[in-house]
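First comes the structure, then the notes that go with it.
The values are calculated or read from the model by the stated rules, or taken from the named source; none is laboratory data. None of these values were measured; they are calculated from a predicted model. Note that each Cβ is placed from the backbone with ideal geometry, even for glycine, and that neighbours are counted across all protein chains shown. Areas reflect the complete protein model, heavy atoms only, side chains present, ligands, DNA and RNA absent. Shrake-Rupley method; radii C 1.70, N 1.55, O 1.52, S 1.80 Å.
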Amino acid sequence: MPTRDTDDAVRARMKRQEWLRLPGRELHQLVWEGALCLRLGSREVMVAQLEQLRAVLELDTVRLGVVPFDAVLPLVIGNGFTMVDERLVVTEDWHSEHWLDDPDAIALRRRVWETHAASAVYGADARSLIVKAVDALR
């Protein structure tokens with residue numbers, strides 16, 4: 001990715017993180033344990049990313065679930081998506097972002113979300129998996 005694109009992406013992510021601290025907002029996020037172990041940068045960068053994720057666990061506006069490697073999944077893992085206020089689903093691929101506002105598409109993603117969320121761990125258990133990933137990098 002060209003430097004300019006990387007800088008723009010970082011700025012956009014930082015702007016989105018401001019949303020986490022707005023009163024009345026709530027983020028429910030699922031992360032696969034495998035995503036915690038991916039090496040998409042240097043050890044230092046990855047440790048910083050994981051530490052940021054661990055810090056987000058402390059926010060009242062965030063409910064973060066980690067789906068562990070040993071979780072029983074009743075549904076195959078597909079592509080990621082974001083649900084916005086139960087009125088919009090955003091999916092991304094390598095070259096584009098798709099916004100879906102069809103009620104059937106939203107209802108389907110809600111059922112997928114709830115199925116995977118039931119396999120996730122939260123709170124101290126999620127923190128433990130993040131710490132394990134950090135320790136593996138050190």
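Leaving ligands, DNA and RNA out of it, rank PHE69, PHE81 by accessible area with a 1.4 Å probe, largest first.
Details: PHE69 135, PHE81 50 Å².
Result, largest first: PHE69, PHE81.
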Seminar exercise, completed: Out of ARG54, ARG63, ARG111, a Gaussian network model of the chain with alpha-carbon springs under 10 Å gives the largest mean-square fluctuation to ARG111
Problem set entry | Whole-percent carbon and sulfur share, accessible surface of the chain, 1.4 Å | 55
Exercise. Out of VAL72, VAL89, ALA55, whose Cα points farthest toward the positive end of the dipole of the chain (charges: +1 Lys, Arg; -1 Asp, Glu; placed on Cβ)?
Worked result: ALA55
Exercise. Can you pull the Rg over Rh of region 73-138, Cα-only, Kirkwood?
Worked result: 1.08
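Could you tell me the relative contact order of the chain? Use alpha-carbon pairs under 8 Å, at least six residues apart, and round to a whole percent.
Working: 142 pairs, mean separation 38.6, N = 138.
So the answer I get is 28 percent.
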Problem set entry | Simple Cβ-charge dipole of the chain, Lys/Arg +1 and Asp/Glu -1, about Cα centre, in debye nearest 20 | 380
Seminar exercise, completed: Sorted by chain and then number, the residues having a modelled amide H within less than 5 Å of the amide H of VAL62, at least 5 places away or on another chain, are LEU27
Exercise. Heavy-atom accessible area per residue, the chain, 1.4 Å probe: how many Å²?
Worked result: 70
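Leaving ligands and nucleic acids out of the surface, order HIS116, HIS98 by accessible area at 1.4 Å, largest first. Mind showing how you got there, number by number?
Values: HIS116 10, HIS98 80 Å².
Largest to smallest exposure gives the sequence HIS98, HIS116.
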